[in-house]
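Notes follow once the structure below has been shown.
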Amino acid sequence: MKKITFLKSITFLTALFGMVFSGFGQTTLAEGDIAITGVNTDSFDQFSFVLLTDVTTGTTIHFTDCGWYATGGFRGYNPISQRINEGIVTWEATSDLPCGTQIIIEDIGSDTYSATNGDAIETDPGFNLSGNGDQIIVFQGTTASPVFLFAIHVANNTGWTNTIPGPFGTRYSAVPAGLTDGINAVAFNMDHSTYNCAVTNNQTLILEAIVDNANWSGHNSIPQTLGTCVFTCTAAGSCASTVTWNGSWSGGTPDLTTNVIIDTNYNTNASIGSFRACSLTINNGAILTVDNGTYVEVENNVIVNGELYVETQGDFVQNDIAGIFTNNGISRVNKQTAVKSDWFHYTYWSSPVENETTDNVFGNVDGDRRFWFNAANFVDNVGNDDIDDNGDDWQYALASNGTNNMIPGVGYAVTEARFFVPGSAGTASFEGEFNTGNIEVDIELNPSNTGVNWNFIGNPYPSAIDFIAFQAANSSVIDGAAYFWSQAAPPSAANAGNEVLNFDLNDYAVFTVGSGAISAGGVSTEIPTGYIASAQGFFIPALSVGKATFTNAMRMADGASNNQFFKGTSSKNSNSTIANKLWINLTSGNGIFNQVLISYVDGATDGNDGMYYDAPKFASANSAAMLYTFIDAENTKYAIQGKSINSINENEIINIGFNTNVNVSTIFNLSVAQLQGDFLNNNTIYLKDNLLNITHNLSDTDYNFTSETGAFTNRFEIVFKEENTLAVDALVNNESAFQIIQHDSEQVTFKTGTSATIKTIVIYDLFGRKVYQFTGENSSETYNIPNIKTGIYIAKAELSTGTVITKKAIKR
């Protein structure tokens with residue numbers, strides 16, 4: 001990976017625990033392919049579930065009572081910590097079973113489980129449902145790379161919420177990645193509960209009814225009889241009824257059981273809004289527009305005989321892995337970038353349609369401004385600065401060399417056309433059959449590379465995807481971070497790279513699965529939400545050679561997740577968890593923007609935990625200015641640092657590094673951009689400036705300072721006790737006899753008042769600028785200080801005894 005360049009090419013602007021389960025020749029299931037239909041806790045563990053698709057002999061399904069963190073990962077599995085009475089029961093089909101089969105699993109004593117059909121075994125000891133609140137999460141795969149199918153939460157008034165570290169965290173869980181409460185997950189407040197058989201025919205209707213907690217009954221102390229429903233499934237792909245839009249709905253209203261026909265123009269915003277369908281047909285002459293902030297979700301097949309348009313922030317989702325998209329008319333995804341200051345600013349793209357080319361989408365853009373990234377060529381052994389040593393990682397996406405076909409799942413970096421009007425938004429339209437189903441993308445690396453193994457991929461769907469779900473499903477080949485290009489600074493010869501002019505690595509926004517996200521410069525200085533917009537390209541670090549798979553289960557159909565396209569219009573997401581997280585911004589009046597995140601999350605340590613928690617900052621020593629955190633005894637600069645949840649207390653000290661190459665007078669600003677968590681919301685955040693011995697209340701106001709050029713790793717600290725440092729109005733004289741005497745002339749005398757002699761005197765202004773520096777050898781020294789303006793200054797004296805005295809002086 002290397003820096004994007006202004007000229008011919010671009011460069012990158014740039015020991016987990018997992019329980020492994022057997023199961024050969026099994027049916028691969030997707031979310032909603034099974035549903036839990038009953039649960040008894042307290043006296044004994046018993047639960048029932050129904051298959052909502054056919055399964056073959058050997059199919060295995062795992063059930064765990066271990067909670068899931070909103071930031072990703074099972075509580076106690078990744079890594080193991082404080083896991084109490086949580087385990088896994090694995091069910092295996094011993095024969096082919098049809099859709100509608102219901103199975104009851106029960107603990108019959110001594111951690112032995114029985115199943116009414118198939119085999120059940122406790123594959124991880126500790127499965128134990130609590131009557132004070134618990135969950136059952138259903139998945140295939142491993143605990144490190146789970147594919148979630150269904151989830152249920154019982155007997156806790158809080159419902160779905162983030163897990164809590166410690167023994168009481170067993171009763172809590174966030175909704176697992178890729179699942180949605182009310183769609184393929186359900187929560188209610190009864191120890192012993194059962195689905196009331198409200199709907200028993202048609203698997204889509206059955207699932208809709210089961211996830212509605214109004215269809216559950218039970219008792220907090222009386223066990224219920226499970227498995228009383230008799231379920232009947234419809235033929236795969238069939239729909240219960242047909243509804244037609246011809247200015248109004250006829251035949252009913254659309255839902256996941258109805259075949260929907262669009263016979264005249266329909267706009268999801270201007271008409272009656274988003275809708276779901278079992279199948280969808282757009283007739284010739286009709287136009288369906290999926291507008292910004294809305295969605296269309298289709299369970300099975302789509303046939304477009306008319307026209308289908310999905311706008312920048314619209315979501316179009318097909319659920320069934322076997323669903324077919326047939327385009328006999330026009331199917332198009334329209335995307336708009338944010339405002340760009342010039343034509344040569346890049347956007348990271350990925351095609352959401354089949355058989356698209358860069359010539360079709362970006363025909364007005366010069367051929368030497370369209371690129372794909374050859375990860376197998378990337379070698380970073382010189383300096384580990386994320387710049388390709390050979391300069392051959394970025395390749396032209398040209399028809400002449402057969403690389404202009406936009407492969408689904410691959411990322412592409414493209415500028416605007418040269419006649420682009422600065423200050424306007426860029427646009428791109430992708431036309432063709434929409435991508436759906438499982439899409440694999442090659443993950444490559446060069447075995448001789450000693451740096452990070454970067455791969456440039458992209459969301460292949462006309463809808464947003466959940467990156468946490470994507471990473472969890474592919475954790476054996478990709479690490480837990482995503483980097484989004486959000487350009488702010490112009491290219492410069494001062495930036496590191498292989499070309500004459502290179503862009504600034506500071507302009508990457510970063511999201512880590514374990515810790516959260518930071519923003520970059522960009523137009524919007526947005527913090528990534530973890531949802532990746534349609535047609536969005538992004539960088540990920542590879543762990544091994546292989547394939548990463550995008551699936552329909554990762555797609556979002558809520559009309560709200562597709563609103564953050566980097567170099568696109570977007571709005572901030574305020575989702576938070578109980579984790580303590582602190583975002584600090586560095587800004588200036590001349591356009592500098594930089595951000596760091598310190599995140600206290602379960603599973604992280606104060607050391608380097610890898611990119612699941614700790615994301616390095618990719619910026620060269622020539623960057624104009626940057627902010628970062630660091631770990632003692634390491635050289636790595638971090639944009640995101642995950643820390644142990646036990647480290648956040650009033651004695652915590654967070655070291656903040658600051659580099660600048662700005663050699664003109666600049667006032668920098670440090671501020672709290674965002675925070676969350678009980679500790680940070682209930683304690684004052686102080687910034688300690690060790691250079692000036694100043695403590696500033698950062699919770700109340702921003703901190704302004706100036707700086708010489710250079711790297712400063714010891715100047716700034718975040719602390720939570722004011723007594724750890726000196727306040728600006730309480731600068732103290734460490735030796736009360738020390739005096740500063742201003743004469744009528746430009747001379748100033750410094751006296752220790754003791755036998756100690758003066759070694760050095762350094763004078764700073766209140767912006768931290770060094771004004772004068774002197775050496776001495778006596779207990780009283782007089783210096784000539786010409787041309788000093790009226791104001792407040794800080795004198796820092798080092799004495800022969802080793803004592804350092806800091807004292808405020810006023811020039812009148």
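The values are calculated or read from the model by the stated rules, or taken from the named source; none is laboratory data. Everything numeric in this text was worked out from a predicted model, so none of it was measured. Neighbour counts are summed over all protein chains in view; Cβ atoms, including those assigned to glycine, are modelled from backbone coordinates with ideal geometry.
Examine segment 805-812 for a residue that is within 21 Å of Glu708 (Cα to Cα), loosely packed, with under 15 Cβ neighbours inside 10 Å and under 52 Å from the mean Cα position of the chain (by Cα), and state whether such a residue exists.
So far as segment 805-812 goes, no, none of its residues is within 21 Å of Glu708 (Cα to Cα), loosely packed, with under 15 Cβ neighbours inside 10 Å and under 52 Å from the mean Cα position of the chain (by Cα).
Any idea which of Phe275, Phe325, Phe231 is of a type in the set (Phe, Trp, Tyr) and farther than 30 Å from Ala428 by Cβ?
Exactly one residue qualifies, and that residue is Phe231.
Say we look at segment 617-627 and pick out the residues that are of a type outside the set (Gly, Ala, Ser) and buried (at least 22 other Cβ atoms within 10 Å of the Cβ); which of these is farthest from Ser671 (Cα to Cα)?
Ranking the candidates gives Phe618 first.
One line per residue, one yes/no per condition, for (1) outside any loop (DSSP other than H, G, I, E, B); (2) farther than 23 Å from Ala469 by Cα; (3) modelled with pLDDT of 85 or more; (4) polar (S, T, N, Q):
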| site | (1), (2), (3), (4) |
| --- | --- |
| Phe44 | no, yes, no, no |
| Phe49 | yes, yes, yes, no |
| Thr53 | no, no, yes, yes |
| Gly72 | no, no, no, no |
| Tyr77 | no, no, no, no |
| Val89 | yes, no, yes, no |
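So that you can scan it fast, the table gives a plain yes or no per residue for (1) basic (Lys, Arg); (2) under 28 Å from Phe44 (Cα atoms); (3) out of contact with any strand residue (DSSP E or B) (no Cβ under 8 Å at 6 or more places or on another chain):
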residue	(1), (2), (3)
Ala177	no, no, no
Asp181	no, yes, no
Asn189	no, yes, no
Ser193	no, yes, no
Thr204	no, no, yes
Gly218	no, yes, no
Ser221	no, yes, no
Trp245	no, no, no
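Can Ala553 be described as within 29 Å of Asn635 (Cα to Cα) and among the small types (Gly, Ala, Ser)?
no
So Thr163 passes all but one of these: (1) part of a strand (DSSP E or B); (2) under 18 Å from Ile88 (Cα atoms); (3) touching a helix residue (DSSP H, G or I) at 6+ places or on another chain (Cβ under 8 Å). Which condition number does it fail?
Exception for Thr163: condition (1).
Tell me yes or no: at least one residue of segment 392-405 is surrounded by fewer than 19 Cβ atoms within 10 Å (Cβ to Cβ) and either under 24 Å from the mean Cα position of the chain (by Cα) or among the aliphatic types (A, V, I, L, M) (or both).
Yes, segment 392-405 contains a residue that is surrounded by fewer than 19 Cβ atoms within 10 Å (Cβ to Cβ) and either under 24 Å from the mean Cα position of the chain (by Cα) or among the aliphatic types (A, V, I, L, M) (or both).
So that you can scan it fast, the table gives a plain yes or no per residue for (1) modelled with pLDDT of 90 or more; (2) in a loop (DSSP other than H, G, I, E, B); (3) surrounded by 18 or more Cβ atoms within 10 Å (Cβ to Cβ):
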site: Thr695; (1), (2), (3): no, no, yes
site: Arg715; (1), (2), (3): yes, no, yes
site: Asp729; (1), (2), (3): no, no, no
site: Ile740; (1), (2), (3): no, no, yes
site: Val748; (1), (2), (3): no, no, yes
site: Thr754; (1), (2), (3): no, yes, no
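Look at Leu149 and say whether it is surrounded by 24 or more Cβ atoms within 10 Å (Cβ to Cβ) and not aromatic (Phe, Trp, Tyr).
Judged against the criteria, Leu149 is a match.
If only one of Lys617, Lys643 is modelled with pLDDT under 90 and out of contact with any Gly (no Cβ under 7 Å at 6 or more places or on another chain), which one is it?
After ruling out the rest, the residue left standing is Lys617.
Considering only segment 309-351, state which residues are hydrophobic (A, V, I, L, M, F, W, C) and either over 16 Å from Asn562 (Cβ atoms) or in a loop (DSSP other than H, G, I, E, B) (or both).
Ile321, Ala322, Ile324, Phe325, Ile330, Val339, Trp343, Phe344
Answer yes or no as to whether Ile584 is buried (at least 24 other Cβ atoms within 10 Å of the Cβ), touching an Asp or Glu at 6+ places or on another chain (Cβ under 8 Å) and at pLDDT 90 or above.
When the stated conditions are applied, Ile584 does not pass them.
If you scan segment 355-371, which residues turn out to be surrounded by fewer than 21 Cβ atoms within 10 Å (Cβ to Cβ), touching a strand residue (DSSP E or B) at 6+ places or on another chain (Cβ under 8 Å) and over 13 Å from Ala428 (Cβ atoms)?
Hits for segment 355-371 are Asn355, Gly367, Asp368.
Can you tell me which residue in segment 759-782 is modelled with the lowest pLDDT, limited to those that are within 49 Å of the chain's Cα centre (by Cα) and of a type in the set (Lys, Arg)?
Per the criteria, the residue is Arg769.
Looking at segment 775-810 only, could you name the residues that are of a type in the set (S, T, N, Q) and in a loop (DSSP other than H, G, I, E, B)?
Passing the criteria: Asn778, Ser779, Asn787, Thr790, Ser800, Thr801, Thr803.
Do we find that Ile206 is part of a loop (DSSP other than H, G, I, E, B), out of contact with any Asp or Glu (no Cβ under 6 Å at 6 or more places or on another chain) and within 30 Å of Glu86 (Cβ to Cβ) in this structure?
no
Which one of Phe420, Phe430 is assigned to a strand (DSSP E or B) and not β-branched (Val, Ile, Thr)?
Phe430
Can you tell which of Ala214, Ala270, Ala235 is assigned to a helix (DSSP H, G or I) and surrounded by fewer than 17 Cβ atoms within 10 Å (Cβ to Cβ)?
On inspection, the qualifying residue turns out to be Ala214.
Being of a type in the set (Ser, Thr, Tyr) and in contact with a Phe, Trp or Tyr (Cβ under 9 Å, 6 or more places away or on another chain) is the filter here, so list the residues in segment 114-151 that pass it.
Thr123, Thr142, Thr143
Taking segment 320-338 only, how many residues are at pLDDT below 95 and surrounded by 15 or more Cβ atoms within 10 Å (Cβ to Cβ)?
Count: 7.
Within segment 637-693, which strands (runs of 3 or more DSSP E) (wholly inside it) include 2 or more residues that are closer than 30 Å to Val452 by Cβ?
The strands (runs of 3 or more DSSP E) meeting that bar are 638-643, 654-660, 668-676.
Sort through Ser400, Ser424, Ser429 and tell me the only one that's out of contact with any strand residue (DSSP E or B) (no Cβ under 9 Å at 6 or more places or on another chain) and hydroxyl-bearing (Ser, Thr, Tyr).
Ser400
Among the candidates Val147, Val186, Val175, single out the residue that is among the β-branched types (Val, Ile, Thr), outside any strand (DSSP E or B) and under 19 Å from Leu29 (Cβ atoms).
None of the others qualify; the one that does is Val175.
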